[in-house]
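Here the structure is laid out as structure tokens; the discussion comes afterwards.
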Amino acid sequence: MKDFDKLKKFKHIYLHPHGLGDLIISMPYIRRVMSKNLNFALCVKDDVYNCGFFNNFNFRDKVFPWCPSIWNNSQTIKSFRKINKLTRALKKENINTFYLLFNKKENRRLQICEGLSRKLGQQISFKEDIHGEVYLSDKDISSAHQKLKKEICFLHTRSGSSLKSVIPGKLIKYIDLGEFSLFSPFQTNNINLIFAAQLLSKKNVVVDSIYMHSAAALNRDIDILFVSASVKRFFNTLKPTNIKIHKVIYGNFFDAIKAFAYYDLRRYFKPKNLERR
């Protein structure tokens with residue numbers, strides 16, 4: 001494993017093989033442990049580590065990449081082979097190494113709190129009113145404010161899995177734009193600028209994913225939330241309760257297929273000379 005020696009100084013390592021949305025709701029408890037335990041480290045997936053989420057995090061020196069994902073690219077198939085291999089390798093170094101799996105029917109924030117408490121052998125108190133954390137600097141907010149020339153409607157339609165996403169047109173028809181301009185999240189090495197844009201937006205339209213959890217962490221109400229058919233059954237255990245969600249639109253199987261065609265197939269067949277530069 002890359003830079004294996006950097007991890008050997010820690011006695012406890014939490015591997016987080018999930019996405020950024022789950023990380024956002026985990027951070028209040030991870031940060032609390034890090035503030036009290038010098039021998040605790042966090043490993044996340046490479047894409048999460050490199051997106052800039054930890055740029056302003058006080059314990060950035062305790063965060064590392066290299067955690068394998070347990071999902072394939074379309075988030076339809078799970079495999080624990082790589083993460084179990086890493087766990088075994090670290091345990092051979094006498095490091096308490098672990099990861100958490102979640103029950104979709106139960107409160108995920110509570111599962112995170114209780115899971116960390118159990119694995120670390122220490123009591124971590126659960127905070128019902130805390131729904132996550134993001135770490136914005138004044139510079140992030142100032143930069144976003146300068147780049148947003150007009151009042152914006154934050155429009156996020158794609159989850160990590162296209163099958164949990166929605167084509168933009170399905171949501172735009174519910175929005176009264178007026179003088180607002182649309183702002184859609186884009187790939188960047190500083191996702192905090194996107195969070196800052198969401199904070200400054202006048203309308204907030206998202207799918208159940210990263211930006212639902214960031215909205216809760218920012219105490220930013222959601223105007224329209226899209227929930228995919230695969231999430232609908234257990235959405236009540238995932239939705240934030242500290243903010244208002246004014247309208248929820250539930251997707252179906254055909255929405256999932258359309259989104260897959262819109263995002264994945266279109267990207268696959270798109271000529272290279274027409275790709276965004």
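The values are calculated or read from the model by the stated rules, or taken from the named source; none is laboratory data. On a predicted model such as this, the values are computed, not experimentally measured, just so you know. Virtual Cβ from ideal backbone geometry, glycine too; neighbours counted across all protein chains shown.
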When residues of segment 30-73 are limited to those that are of a type in the set (G, A, S) and under 16 Å from the mean Cα position of the chain (by Cα), the one surrounded by the most Cβ atoms within 10 Å (Cβ to Cβ): S69
Restricting attention to segment 74-90, which residues are in a loop (DSSP other than H, G, I, E, B) and free of Cβ contacts under 8 Å to residues at least 60 places away in the same chain? I77, S79, F80
Please go through (1) touching a Ser or Thr at 6+ places or on another chain (Cβ under 7 Å); (2) over 30 Å from S230 (Cα atoms); (3) not acidic (D, E) for K92 and return the number of the only condition it doesn't satisfy. (1)
Which numbered condition trips up L100, out of (1) at pLDDT below 95; (2) of a type in the set (A, V, I, L, M); (3) surrounded by 14 or more Cβ atoms within 10 Å (Cβ to Cβ)? (1)
So how many residues does segment 22-70 have that are at pLDDT below 95 and in contact with a Ser or Thr (Cβ under 8 Å, 6 or more places away or on another chain)? 1
Condition (residue is closer than 21 Å to D138 by Cα and at pLDDT below 90) applied to segment 192-201: is it met by at least one residue? no
Among the residues of segment 111-144, which ones are in contact (Cβ under 8 Å) with a residue 12 or more places away in the chain and touching a Phe, Trp or Tyr at 6+ places or on another chain (Cβ under 8 Å)? I112, C113, E114, L116, K119, L120, I124, V134, Y135, L136, D140
Among the listed residues E128, E93, E106, identify the single one that is outside any helix (DSSP H, G or I) and more than 27 Å from T241 (Cβ to Cβ). E93
Tell me yes or no: at least one residue of segment 58-80 is among the aromatic types (F, W, Y) and closer than 24 Å to A196 by Cβ. yes
Among the residues of segment 110-162 satisfying the criterion of being modelled with pLDDT of 95 or more and charged (D, E, K, R), which is nearest to I257 (Cα to Cα)? E133
Residue that is of a type in the set (F, W, Y), surrounded by fewer than 11 Cβ atoms within 10 Å (Cβ to Cβ) and at pLDDT 90 or above, where the choices are F235, F254, F269, F226: F254
Would you check if S143 is among the hydroxyl-bearing types (S, T, Y), part of a helix (DSSP H, G or I), over 22 Å from Y250 (Cβ atoms) and out of contact with any helix residue (DSSP H, G or I) (no Cβ under 7 Å at 6 or more places or on another chain)? no
